[in-house]
Amino acid sequence: MANNILVNINRCTGCWTCSMSCKMQYKLEPETFRQFVRTIGGGEIDQPGGEWPNLYLKWMPIWKQSCIGCRGEAATDFKPYCVYNCPAGALTYGDFDDPDSEASKREAQLKQKGFRVYEMPVWEDTRPGIRYAENSI
C-alpha cells in the first residue's frame, strides 16, 4: 500500500496535533519537525490576512522530505500517527492508485463537491504522496 495522505484544508484547525504526534512517537528533539502546519493568512503563525471585516485564515499541514512515511501500528489501524491523531478528521490515508482505498474515495467525494485537489510544487521540497483538497465556498 502506498503511503499517501489527502489533506482537507477546509477541515484543518491549525492545532498542530499531527506534528506533535510525530514528535512524541519518534522522540524528536524540540527543534526537529518532520511535519509542520503553515498558516495561510497574514504571514505569521495564526495571523489572519486581509483587512477587517474581510479577514481570512486557513492552515496547511506540510510534510518535509525528512518524513519517514510511517504506517503506524495495530493500535492506529496502521495509519500514520499524524493521520490517526487528527482531531478534525482533515487527514485521510490510503493509496491514490487504488480506487477502493479510503484516500481515493475521499478525494472523489471532495472533487464531486467542487473541491480543487493539488500537490505541492517541486520547489517546496516536500514529501511526495501528499495531496491537498480545498474549496473556496
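The residues listed here are Glu107, Glu124; of these, the one that is acidic (Asp, Glu), out of contact with any helix residue (DSSP H, G or I) (no Cβ under 8 Å at 6 or more places or on another chain) and surrounded by fewer than 17 Cβ atoms within 10 Å (Cβ to Cβ) is Glu124. Checking Pro99, Pro53, Pro87 one by one, the residue that is without any contact (Cβ under 8 Å) to a residue 12 or more places away in the chain, surrounded by fewer than 17 Cβ atoms within 10 Å (Cβ to Cβ) and more than 14 Å from Asn4 (Cβ to Cβ) is Pro53 and no other. Among the residues of segment 127-137, which ones are in contact with a helix residue (DSSP H, G or I) (Cβ under 8 Å, 6 or more places away or on another chain) and either modelled with pLDDT under 95 or surrounded by fewer than 16 Cβ atoms within 10 Å (Cβ to Cβ) (or both)? Residue satisfying the conditions is Asn135 alone. Contact map, segment 1-19: residues that are without any contact (Cβ under 8 Å) to a residue 60 or more places away in the chain paired with residues that are buried (at least 19 other Cβ atoms within 10 Å of the Cβ) and part of a strand (DSSP E or B), Cβ distance under 8 Å, separation 6+ or inter-chain. Pairs shown: Gly14/Val37; Gly14/Trp59; Trp16/Val37.
The values are calculated or read from the model by the stated rules, or taken from the named source; none is laboratory data. Because the structure is a prediction, the values reported are computed rather than measured. Cβ sites come from the backbone with ideal geometry, for glycine too, and all protein chains shown count toward neighbours.
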